[in-house]
Amino acid sequence: MNSSRNLTYLSSPGEVSMADQWFEIASIDHFWVRRRFEVFRRLAGSLIPGAREIAEIGCGHGLVQRQIEDTYGREVTGFDRNEFALKRSLSRHSKICCYDIHQQDASLQERFDLVLLFDVFEHIADEERFLAALKFHLAPGGKLVVNVPAGKWLHSAYDEAVGHLRRYSIRSLRDSAARSNLQVTKWSYWGLPLVPTLVLRRLWLLGNHDQDKVVSAGFSSRSKAVNQLLGLVSRFELTPQRLLGTSVMAVLEADGRLTP
């Protein structure tokens, strides 16, 4: 585990719209974390070998950084303002930085060919301001990979407890991107086999206002056996798919830099 001695402070720590308890539950072996990375590999994994430098904004405790280190042997610079999560980073080799991207550090301007934004965008109140700051760090011709929760109708007490301000459709994600002169070039819904579990979660959590209990009940896989079962169920889905899912993942590029 990366210790706090490996943590570089480019900005002061700050409050983020994310429950700290989630970082204690989400492990590298959690079925959803594993499935998300499988979808990423199929949709956008080919971007990693050609990227000179890779960054993850909102890296949390380093799940994606660790997955890319282990699978591709690449380092991913991680940025976040949540000191609680950063000090618990699972990454082994990558840089971890306490950094507010709105600060726009000159040394990071147009530095990264590939930027990952995994389950962060739904926590952001001002999407356009955030994407403008993100693009400051994106190299010319660079690509952004975004993962967000999908389906407004799946919104539940869990979303509120973990700080989700919205859930997306591909249409609403495209609209948000277009307002910042970004265009979706590849995308997929995923999590279709898990839709029933989220419907049940929504019903189960009705009327529950204890944030810790809601986060635990809403994300914990309960046991190793259940985790393995849900992992197996989650794989009964071919991606990319355009039908329905609990999440949507997309590759974004700047409008003026699209590859023919």
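The values are calculated or read from the model by the stated rules, or taken from the named source; none is laboratory data. For clarity, every value in this text was computed on a predicted model and none was experimentally measured. Glycine gets a Cβ as well: all are built from the backbone with ideal geometry, and neighbour counts include every protein chain shown. Heads up: the accessible areas ignore ligands, DNA and RNA and are worked out on the full protein's heavy atoms, side chains in. Shrake-Rupley method; radii C 1.70, N 1.55, O 1.52, S 1.80 Å.
Taken over segment 62-81, the criterion of being open to solvent by less than 10 Å² (accessible area, probe 1.4 Å) and more than 14 Å from F40 (Cβ to Cβ) is satisfied by G62, G78, F79.
When segment 143-173 is filtered for residues that are without any contact (Cβ under 8 Å) to a residue 40 or more places away in the chain and either of a type in the set (S, T, Y) or buried (at least 17 other Cβ atoms within 10 Å of the Cβ) (or both), the ones remaining, listed by number, are D159, S172. Annotation: E237 fulfils all but one of (1) open to solvent by 50 Å² or more (accessible area, probe 1.4 Å); (2) of a type in the set (D, E); (3) modelled with pLDDT of 70 or more; the unmet one is (1).
Residues in segment 105-128: is at least one farther than 23 Å from A250 by Cβ, open to solvent by 30 Å² or more (accessible area, probe 1.4 Å) and in contact (Cβ under 8 Å) with a residue 60 or more places away in the chain?
Looking only at segment 105-128, we keep the residues that are farther than 23 Å from A250 by Cβ, and these are 105-109.
Imposing the further condition that a residue be open to solvent by 30 Å² or more (accessible area, probe 1.4 Å) reduces the set to 105-107, 109.
Next, only the ones that are in contact (Cβ under 8 Å) with a residue 60 or more places away in the chain stay: 105.
Checked against the condition, which is being farther than 23 Å from A250 by Cβ, open to solvent by 30 Å² or more (accessible area, probe 1.4 Å) and in contact (Cβ under 8 Å) with a residue 60 or more places away in the chain, segment 105-128 yields at least one hit.
Out of all the residues in segment 93-104, is one or more in contact (Cβ under 8 Å) with a residue 12 or more places away in the chain, surrounded by fewer than 16 Cβ atoms within 10 Å (Cβ to Cβ), touching a Leu at 6+ places or on another chain (Cβ under 8 Å) and farther than 30 Å from F236 by Cα? Step through it out loud before you land on a result.
First, pick out the residues of segment 93-104 that are in contact (Cβ under 8 Å) with a residue 12 or more places away in the chain: 93-104.
Within this subset, residues satisfying the condition of being surrounded by fewer than 16 Cβ atoms within 10 Å (Cβ to Cβ) are 93, 102-104.
So of that shortlist, the ones also touching a Leu at 6+ places or on another chain (Cβ under 8 Å) come out as 103.
Still in the running and farther than 30 Å from F236 by Cα: 103.
Among the residues of segment 93-104, at least one is in contact (Cβ under 8 Å) with a residue 12 or more places away in the chain, surrounded by fewer than 16 Cβ atoms within 10 Å (Cβ to Cβ), touching a Leu at 6+ places or on another chain (Cβ under 8 Å) and farther than 30 Å from F236 by Cα, which makes the answer yes.
Residue check: is L134 in contact with a strand residue (DSSP E or B) (Cβ under 7 Å, 6 or more places away or on another chain), in a helix (DSSP H, G or I) and at pLDDT 95 or above? So L134 fits the description; yes. Search segment 177-197 for residues being among the hydroxyl-bearing types (S, T, Y) and surrounded by fewer than 20 Cβ atoms within 10 Å (Cβ to Cβ), and hand back the single one that is nearest to R35 (Cα to Cα). In this case the residue turns out to be T197.
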